[in-house]
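Student: Have a look at the structure that comes next, please.
The values are calculated or read from the model by the stated rules, or taken from the named source; none is laboratory data. For clarity, every value in this text was computed on a predicted model and none was experimentally measured. As a convention, Cβ positions derive from the backbone with ideal geometry for all residues, glycine included, and neighbour counts pool all protein chains shown. These accessible areas exclude ligands, DNA and RNA; they are computed on the full protein's heavy atoms, side chains included. Shrake-Rupley method; radii C 1.70, N 1.55, O 1.52, S 1.80 Å.
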Amino acid sequence: MYARVIFVMGILLSQALLALSPEETAKLVASIDENQRNSGDYKSLVFIEEKERNKPTKLFEALVYRRDVDDKWIILFTKPKSEGGKGYLRVEKNIFLYEPALGKWERTTERARIGGTNSQRSDFDESRLAEEFNHQYVGLEKLGKFPVHHLKLSVKTGIDVAFPVLHLWVDQDTKNILKKQDFSLSEKLMRTIYYPKWEKMYSRSKKADVYVPKEIRIFDEVEKDNSTLVILKEVSLDPLEANIFTKAWIEKKSK
Amino acid sequence: MRILSLLRILSRLALRDLWLRKIKTLGMGGILAMGTFLIVFGLSLLEDIEGTMKNGIIQSVAGHLQLYSKNAKDSLALFGGGFMGREDLAEIPDYSKILPSLLDHPNVAKVIPMGFEMALLGRGNESDELFDSLREALTSGDTEEIRSREEQVKFHLNFLSKEFEQGKKITADQKLLAQQTSWIAEAASDRFWLDIRLGPENKMQFLETKIAPLSGEKSPVYLRYLGTDPQLFQNAFSKFKIVSGEMIPEGKRGMLLASRFREDFLKILPARKFDMIYRKKIETGLSIATDAELKRIQRELALQHRPILTHLDFYETERLRGELVGYLEERKEHPGGSSDSLEDLLKRFLVVDDSNFLSRYNWFYEHIAPLVRLYEISPGQTIVLRSYTKSGYVKNVPVKVYGTYSFEGLERSDIAGQFNITDLVTFRELYGLMTEEALQELTDIRKTVNTQEIAKENIEAALFEGEPVVSHEPDAFSSSTFVDPQITAAKGLAEDYRPEALRQGLIINTAIFLRDESKLVDTQKELEKRISDLVPVNVIDWKKASGIVGQFIEIIRYVLLFGVSVILLVALIIINNSMIVATFERTQEIGTMRAFGAQKGFIAGLFLIEAFLLSLFASGVGTLAAWGATVWLKSVGIPAVHDVLVFLFSGSRLFPNVNETYMIAGPLIVVVLASISALYPALLAASIPPALAMQENE
Amino acid sequence: MSVCLQNVTKTYPLGDSEVHALKGIDLTIEAGEFVTVAGPSGCGKTTLLNLIGCMDVPSSGLVKIDDRDISSLSDRELTRLRRENLGFIFQSFNLIPVLSCEQNVEFPLLLKGKLSAKERMRRVHELLEKVGLNEQSKQRANALSGGQRQRVAVARALVTHPRIVLADEPTANLDSENGQKIISLMRDINENGKTTFIFSSHDPSIIALARRVIRLKDGLIASQT
């Protein structure tokens, strides 16, 4: 279940920044990747609500720290009380779990951690949409009252991704993704994700404005009752302390 | 008197006739004897097994009765049935509400609260363990400790680098391998260790993130545990015994590992393989050369030098190497020079065959086992259990292992030896039912975030019809005002608890011991009614509670009875048939007897007595054989060659008892049945007219 | 003990038709007689002996043993009548093969009961002595020769001291010498005691030994002396 949280972070960050040129689909897709790569440090306070079939609804509040250049991130839980101080540190392919009640660390690999959930490698890796996908302009559509570009992306041959087919609905005005659907190879719909709220921010590292999503709603289309709501209460793109992505820093923070 | 003398003649004639038809008599008698043997021996053996099994079940964990919530979606199966799944047994929210009422029943002697669940036993690989110790040493600042840990890590790195050297030949991804080899080289370099005490964090992170994954991943171990009142449990269940370490002290949170579980899952692999071969080869008597399964284990054992090396106290490596050279040279199994590495020697040592196995096995336990950490977990250690709680959140709970236990006689049973015992306080923490308080907290969080519940059906309208989707940061160029909230780390559970806690609060089920077992059925009904007035519950007997194994005995009984019925049916058909044939063969003889004044009853009696004597004799032989077999087996015992048998026998051997009831009932049944089957031929013979004596049969 | 037959007929069913074995026999045999029933095979000899031996009842007419109509007797009573008063000798000897000579001879005594084992043995050996087979008394019946067997059968027929001995072709399975011997034996016993002997035969040399001859032909008495 933490894997789902982590997966959400992946989505959150990989789609975070969109600055694009309008009609040219290729350019649009390429710029998603481009903006992704150039992002600096990132910090947010997120609220997550996970609904699962036959299970009680879970709520979390957590701090997320991310430094893409080093491929590192931290998730530090703040609420509820029973989860307070639990932390995940990702360094390279390892994820370390900190349990404050024990004062102990546990190392697992990404693969092991994610195994058995609907999270995918692509949720964590850098966005390589232009490199990995062929794209196709489907048409101009309306999503609610917003005019959107509907794009269809299918994976290039020889490349292994979790969802070989993606559909994107991009806001014409702001060029933000408002809706995304993931499909399997047989074009079975796997999940639908909405990004209904965006915030325009200034990134010092990029020296330009970027858009960050403030709310994400994920619906599992296979397990129909499973859904996740993510609300980003606070976001900051300011540089983080240099030594933040260490066990010692988390231990100190989680006292 | 006349009847008696008639009977005498009849018996004499019948006996003579049976004697004359020896082959037929032997055949029929044999089948009848076998049938009797099966009835007497089989049924009485079954009764013995049922007795031992019952005792085993009641006295290990079931008690006479088990009580659990009626809201349970699954039925209680103490020894499995639901297999590794988590059964949903619901819960009894407050034990203190039902306990007085239970104890109030005149036939209730003891009540033991319980709860079964599963947790994941977290564990890293060998590298993780070594690096953890090093990190701890560095934090503590103990120079001696740091040096010792350092050397251990270096030894391990050296070992890893050798392994990767060998890996070159077989690895496809040479680029990755080269990179990994360079990491190991860097970690093993003097430069790396020079200033480790000054800036440990980066170095440790290097080891933990780059080196640790190279040792591979351990598969997680699922640990089934029983939460109870440990002291009460110990007093109530006579088969419970501590194997190593000590009992969980009163008022302390703790765990007793099931000895069998520890052997099966927490022992280092080479030792486990040695044990497996020992069991199959020495105890069961199979041979490595011919048994495919054994051969497979033998091949696996041959590859197990690595766990020995990594678990070896590294100060002991040179000594072990010397001893191993001595051992192998003595047996002329050491063609290499004495300069061979310990690794090479171990590889050679672990190749066992039928002739050297016992020697290797003994040497392993005498010389190698004391130098390695034989078990991953030992008494005194604190382990961390991870459970997926009922509230949905994951909980990691530390619990100290005080000792290991097993059930008397069931030491070798995998069925009975798979749950570990802990206190109810730890159990409840791991079970993690959502509390009112926690629920309120979630509601509060939701309120502060002000989330909107939107159904998927109309989500697009709800999300994209209203406000513009983009908001602007008020001052794009200023620094963020975002300050990290204060984090309050969740407190761990204390090591002590109040003893009253065991008598109140959540439980899943209880074992109930009765004063008078013969009133079990009545008490079961009474308790179910009495407690259901407070909380709806099921009360089931030990047999049902034991799950599928408890019903196993019934299945065997039906199979046996079916077998006996078939055998007896065949015997009776044969008797019937051959006697009908005999009446035709003996027509003249019967006619002659009739001519000389034998009444019809006499002729019928002749046939009946023949069947009677035959069945009496045959069933006597069968009964005697069953008695002999039982007496013999009582002296030597029946070995439990399979795990299920260990459970059924409640020990490694069963010593059956002579059962008088079956010794009388068995032959009686056979004689009555045989006599009945002779009835028709007897009447047929009696109806032969005397005039047939005169008929010539040429 | 006298035997009296009045207009006796006997019919056997044979498939759909009937066989008229006896077609109206009138006959009286007094106690102590030595009678042979002669005639070709199929003339009704065996049927006649069966009726006299109380092993069957007539289809019509009367068979009286000591003035008792056997048709009025139950199977039990007939059996008792045979046991108490009659002895039988059969063409194929009909010894019980599993038993020794001694036991075969003893058998009717056992059925009769009353006697002690000692008394039974005394009588058995007395008779075996008489038929000259005391030596072979322990031998199995089927280990003996035909003549010996028939002598055992004679001993058996006489052991209960019956008033009438019925013998159906007693010499048919014997050579003429043995046949002669058996008939002589029977005659000796008849002369020394009061036992009535009724035997059937078709052998003229045997018939010649009888004191009274009843000739049957096609179920009727052709002649009698």
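Student: Here is the link list: B:K22/C:K181; A:K93/A:K145; B:K241/B:K280. Which ones come out longer than 31 Å on Cα distance? Numbers along the way, then the final one.
Tutor: Working: B:K22/C:K181 37 Å; A:K93/A:K145 42 Å; B:K241/B:K280 26 Å.
In this structure, B:K22/C:K181; A:K93/A:K145 lie more than 31 Å apart at Cα.
Student: Related question: How large is the helix-only mean residue ellipticity at 222 nm for chain C, computed as the sum of -39500 (n - 2.57) over DSSP H runs with n ≥ 4, divided by its residue count, in deg cm²/dmol to the nearest 500?
Tutor: -10500 deg cm²/dmol
Student: Which entries in A:K104/B:K347; A:K197/A:K247; A:K51/A:K179 show an alpha-carbon gap greater than 31 Å?
Tutor: Numbers: A:K104/B:K347 36 Å; A:K197/A:K247 34 Å; A:K51/A:K179 20 Å.
Where the Cα-Cα span goes over 31 Å, the pairs concerned are A:K104/B:K347; A:K197/A:K247.
Student: Okay, moving on. Average partner chain C-beta neighbours within 10 Å, per residue of A:55-62?
Tutor: Details: counts 4, 10, 3, 5, 10, 3, 4, 1.
Partner-chain Cβ atoms within 10 Å, mean over residues of A:55-62: 5.
Student: Taking H as built 1.01 Å from N, whose amide H comes closer than 5 Å to the amide H of B:F240, not counting residues under 5 places away?
Tutor: When sequence neighbours closer than 5 places are left aside, the close amide H contacts are B:E408.
Student: Right, something else. State, to one decimal in nm², a quarter of the convex hull surface area for the C-alpha atoms of the protein assembly as shown, i.e. the direction-averaged projected area.
Tutor: Working: hull surface 291.4 nm².
The number I arrive at for the protein assembly as shown is 72.9 nm².
Student: Let me ask something else. Let me have the relative contact order for segment C:74-158, percent, based on Cα pairs under 8 Å that are six or more residues apart.
Tutor: Details: 88 pairs, mean separation 38.2, N = 85.
Averaging sequence separation for qualifying contacts and normalising by length gives 45 percent for segment C:74-158.
Student: What 222 nm value per residue comes from the helices of chain B, counting each DSSP H run with n ≥ 4 as -39,500 (n - 2.57) and dividing by all residues, nearest 500 deg cm²/dmol? Working shown, then result.
Tutor: On the way: 28 runs with 358 residues, N = 698.
Result for chain B, helices only: -16000 deg cm²/dmol.
Student: Please list, in chain and number order, the residues 5+ apart from B:E376 or on another chain whose amide H is under 5 Å from its amide H, with Hs placed from the backbone.
Tutor: B:K267, B:I268
Student: Kindly flag which residue pairs out of A:K86/B:K267; B:K97/B:K252; A:K55/A:K152; A:K252/B:K203; A:K86/B:K400 have an alpha-carbon separation exceeding 26 Å in this structure.
Tutor: Working: A:K86/B:K267 31 Å; B:K97/B:K252 24 Å; A:K55/A:K152 34 Å; A:K252/B:K203 18 Å; A:K86/B:K400 21 Å.
Distance filter (> 26 Å) returns A:K86/B:K267; A:K55/A:K152.
Student: To continue, here is another question. Which angle from 0 to 90°, rounded to the nearest 10, does the C-alpha axis of helix B:317-330 make with the longest principal axis of chain B?
Tutor: 40 degrees
Student: Also: So what is the accessible area of the protein assembly as shown per residue, in Å², with the probe set to 1.4 Å? Could the numbers behind the result be given before it?
Tutor: Numbers: 50920 Å² over 1178 residues.
Per-residue accessible area for the protein assembly as shown comes out at 43 Å².
Student: Shielding of B:215-225 by partners, i.e. mean partner chain Cβ atoms within 10 Å per residue? List each step's numbers first, then the result.
Tutor: Details: counts 0, 0, 5, 0, 1, 2, 0, 0, 0, 0, 0.
Rounded to a whole number, the mean comes out at 1.
Student: While we're here: Over the whole of B:457-465, what's the average partner chain Cβ count within 10 Å per residue? Rounded to a whole number, please. Before the final figure, lay out each step's value.
Tutor: Numbers: counts 0, 0, 8, 10, 3, 3, 11, 12, 4.
Average neighbour count from other chains, rounded to a whole number: 6.
Student: Roughly speaking, what is the centre-to-centre gap between segment B:152-168 and segment B:1-79 when only Cα atoms are used, to the nearest Å?
Tutor: When both Cα centres are located, 65 Å separates them.
Student: Per residue, what volume in Å³ does the Cα convex hull of chain C take up?
Tutor: Numbers: hull volume 28.2 nm³, N = 225.
Once divided by residue count, the hull of chain C is 125 Å³.
Student: Next question. List the residues whose amide H sits under 5 Å from the amide H of A:N134, counting only those 5 or more places along or on another chain, with H placed 1.01 Å from N in the peptide plane.
Tutor: Placed amide hydrogens put A:S154, A:V155, A:K156 under 5 Å from A:N134.
Student: Which distance in Å, rounded to a whole number, links the C-alpha centroids of segment A:183-255 and segment B:625-652?
Tutor: With segment A:183-255 and segment B:625-652 each reduced to a Cα centre, they are spaced 66 Å.
Student: Another question, if that's okay. Quick one: angle between helix B:2-20 and the longest Cα principal axis of chain B, in degrees between 0 and 90, rounded to 10, please.
Tutor: 60 degrees
Student: Sticking with this one: Kindly write out, for segment B:55-69 in residue order, the coupling ³J(HN,Hα) from the Karplus curve 6.51 cos²θ - 1.76 cosθ + 1.60 (θ = phi - 60°), rounded to whole Hz, with x marking Gly and Pro.
Tutor: 4, x, 6, 5, 8, 9, 7, 7, x, 6, 10, 10, 10, 8, 5
Student: Using alpha carbons only, what's the Rg to Rh ratio of segment B:267-374 with Rh from Kirkwood? Display every interim value, and only then the final one.
Tutor: Numbers: Rg = 13.4 Å, Rh = 14.0 Å.
Using only Cα positions, Rg/Rh for segment B:267-374 is 0.95.
Student: Explain nothing, just compute: Karplus ³J(HN,Hα) = 6.51 cos²θ - 1.76 cosθ + 1.60, θ = phi - 60°, for every residue of segment B:563-580 in order, whole Hz, x for Gly and Pro.
Tutor: x, 4, 4, 4, 4, 5, 4, 4, 4, 5, 4, 5, 4, 4, 5, 5, 6, 5
Student: With the contact rule set at Cα under 8 Å and sequence spacing of 6 or more, what percent relative contact order holds for chain B?
Tutor: Values: 988 pairs, mean separation 208.3, N = 698.
RCO, chain B: 30 percent.
Student: Give me a comma-separated list of calculated 3J(HN,Hα) values for segment C:149-165, in order, Karplus coefficients 6.51, -1.76, 1.60 applied at θ = phi - 60°, integers in Hz, x for any Gly or Pro.
Tutor: 4, 5, 5, 4, 4, 4, 4, 5, 5, 9, 4, 8, 6, x, 8, 10, 10
Student: Quick one: net charge around C:D56, please, counting Lys, Arg +1 and Asp, Glu -1 for every other residue with C-beta under 13 Å from its C-beta. Write out the running numbers ahead of the final one.
Tutor: On the way: positive: B:R594, C:K10, C:R82; negative: C:D75, C:D168.
Net of charged neighbours comes to +1.
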